[in-house]
Amino acid sequence: MTDSPTYDLAVIGAGPGGYVAAIRARQLGLKTAIIEKAEVGGVCLNRGCIPSKALIRNAEVLALVKRAEEFGIRYDNLRYDFGVAVERAQHAVQRLTGTASFADKDRIVVTDAAGHPSELTARAAVIATGSRNKPLPGIIPDGRLIITSDEALKLNPLPRRLVIVGGGATGVEFAYIFAAYGVQVTIIELMDRLLPGEDADISKTLQTAFKKQGITIQTKSKVASIKPADGGLTVQIESAGSASQTINCDQLLLAAGRAGNIEHLGLEAVGVKTERGYITTNEWLETTVPGIYAIGDVAGKALLAHSASAEGMTVVERLAGKGGTPINYRRIPRCVYCQPQVASVGLSEADAQAAGFTIKTGKFPFQANGKALALGETDGFIKIVTDAKGGACLGVQMIGAEVTELIGEAVLLQMMEGTPQELRASVHPHPTLSEAVMEAAAAVYGEAIHL
Ligand code: FAD
């Protein structure tokens, strides 16, 4: 450990938080080192956003082909191969350098794959080490019968019957994928609905669509015990208000939470505090040690790739003297890529009311949108929640085809502090799904044209 190069900034972890922070730091002229122990791109590129969306695309193509007769297209002998879908979803990635940990506040030790340590010095450091799947008491993944998203992305062969524990974004995305391939899927969700963090109307519409897709949903339920049986599992479920029941399945996918990667970083030694498994930060993402920042999943604020990247940019721009403002997490969009897709930003009706607002909403169903009819994708709606007093847009919730693309418009509206009045006055192209956004804005004033 003789050489100790000195940097303005050391970034630990090259996921969407870390690599964006490092690129932005270089753009702004900071001498920057980035240390990655496994795969560049982190969970997002290798075991998260991108491979899961590639699998979802396969499921969408298959679902559409199965509906071909609706479009007057017939075929004999449909065959499909989930192995090809898995192949398509995997990436070749660059593997490099080492595992980082703090020797002290501004010295970082990097240990390479052969166990050789080297050291670097940095004026500031960004911890962007991400998160991993978290076991639940009594549900310990073994990678074979009890699996996590890591194995679910590579399942081959497919199980006949799959229990998914957790009806959040990850659980519902995998439910959609596997149900499209004919797997009997049961989702067990502790709360009273799927996607419990979203607007209640969204959950209701999604549950109706999932039931049509043959997915069984058990809400207000939890796994009481799991036992091996006939090469698969017997899962005992306890549901609020009803007798416990037993489900036999071939595999169980645990999709109920993440844990921050806070271990082996030497955090205690330098005085970086953690809380409930994530690193404690202030509004500028600075930890309890000045000059050490934490962004992305390991900071536990939003657990989304675009939030990690935005946090990285915020930290680096401030370090480079560009000022800026702390992130307003209300303006971070949330997207779920099952079909129908779900997207939202800001406050739901219930959250806005709980925050003390008197609200006015506008809702427009895709059934009344020409492009949705042409696509044969009429499930869903767009809802806009406004402050009845000032007229400001407080939140937008969407469920339906391609809404993960439409939500950007709502994000911009909130960023510009615009009102639905301006949204409805913006002429949208016809025929597009985006016209439903304009119509939902008009519906706030009871003036949607196609309702
Ligand atoms: P990560 O992407 O986890 O990257 C952290 C990196 O740090 C890793 O490469 C790791 O190897 C490295 N590292 C850890 N410790 C050290 C160390 N000591 N030294 C050196 N390197 C280290 N989010 C979305 O926004 N949209 C989606 O559609 C979406 N889909 C998802 C689907 C699945 C199945 C999963 C699991 C997640 C999904 N996410 C999605 C979440 C998203 O992947 C994460 O929010 C995002 O990857 C977090 O980025 P990050 O940079 O904080 O951490």
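The values are calculated or read from the model by the stated rules, or taken from the named source; none is laboratory data. Keep in mind that this is a model prediction, so the values were computed, not measured. Cβ atoms come from the backbone with ideal geometry, glycine included; neighbour counts cover every protein chain shown. Each accessible area value is taken on the protein alone, full model and side chains, heavy atoms only, with ligands, DNA and RNA left out. Shrake-Rupley method; radii C 1.70, N 1.55, O 1.52, S 1.80 Å.
Data for the structure
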| item | result |
| --- | --- |
| Region 95-150: number of residues that are touching a Gly at 6+ places or on another chain (Cβ under 8 Å), loosely packed, with under 15 Cβ neighbours inside 10 Å and under 25 Å from ALA25 (Cα atoms) | 2 |
| Any chance VAL437 is farther than 17 Å from LEU347 by Cβ, of a type in the set (Val, Ile, Thr), in contact with a helix residue (DSSP H, G or I) (Cβ under 7 Å, 6 or more places away or on another chain) and in a helix (DSSP H, G or I) | yes |
| Residue within region 183-204 that is within 16 Å of the ligand (Cβ to nearest atom), among the polar types (S, T, N, Q) and within 27 Å of LYS363 (Cα to Cα) present | no |
| Wholly enclosed helices (runs of 4 or more DSSP H) of region 40-139 bearing at least 2 residues touching a Leu at 6+ places or on another chain (Cβ under 8 Å), at negative phi and within 13 Å of the ligand (Cβ to nearest atom) | 49-66 |
| Residue within region 107-130 that is touching a Ser or Thr at 6+ places or on another chain (Cβ under 9 Å), modelled with pLDDT of 95 or more and more than 29 Å from ALA259 (Cβ to Cβ) present | yes |
| Single condition ALA256 does not satisfy, out of (1) out of contact with any helix residue (DSSP H, G or I) (no Cβ under 9 Å at 6 or more places or on another chain); (2) open to solvent by 20 Å² or more (accessible area, probe 1.4 Å) | (1) |
| Residues of region 410-430 satisfying the condition of being surrounded by fewer than 16 Cβ atoms within 10 Å (Cβ to Cβ) and not polar (S, T, N, Q) | LEU412, MET415, MET416, GLU417, GLU422, ALA425, VAL427, PRO429, HIS430 |
| Residues that are more than 14 Å from PHE210 (Cα to Cα), surrounded by 20 or more Cβ atoms within 10 Å (Cβ to Cβ) and aliphatic (A, V, I, L, M), drawn from region 331-351 | ALA343, VAL345, LEU347 |
| Those residues of region 315-349 which are of a type in the set (Phe, Trp, Tyr) and free of Cβ contacts under 8 Å to residues at least 60 places away in the same chain, in sequence order | TYR329 |
| Search result, residues across region 435-447 that are out of contact with any Pro (no Cβ under 9 Å at 6 or more places or on another chain) and open to solvent by 20 Å² or more (accessible area, probe 1.4 Å) | MET438, GLY446, GLU447 |
| Residue that is most open to solvent (accessible area, probe 1.4 Å), among those in region 283-308 that are more than 8 Å from the ligand (Cβ to nearest atom) and among the hydroxyl-bearing types (Ser, Thr, Tyr) | THR288 |
| Selection from region 309-330 of residues that are surrounded by 17 or more Cβ atoms within 10 Å (Cβ to Cβ) and in a helix (DSSP H, G or I) | SER309, ALA310, GLU311, GLY312, MET313, THR314, VAL315, VAL316, GLU317, ARG318, LEU319 |
| Of all residues in region 142-173 being within 12 Å of the ligand (Cβ to nearest atom) and acidic (Asp, Glu), the one that is nearest to GLN218 (Cα to Cα) | GLU173 |
| Residue that is nearest to the ligand (Cβ to nearest atom), among those in region 1-39 that are under 13 Å from VAL315 (Cβ atoms), part of a strand (DSSP E or B) and open to solvent by less than 40 Å² (accessible area, probe 1.4 Å) | ILE12 |
| Hits in region 30-85 - residues which are hydroxyl-bearing (Ser, Thr, Tyr), under 20 Å from VAL11 (Cβ atoms) and within 18 Å of the chain's Cα centre (by Cα) | none |
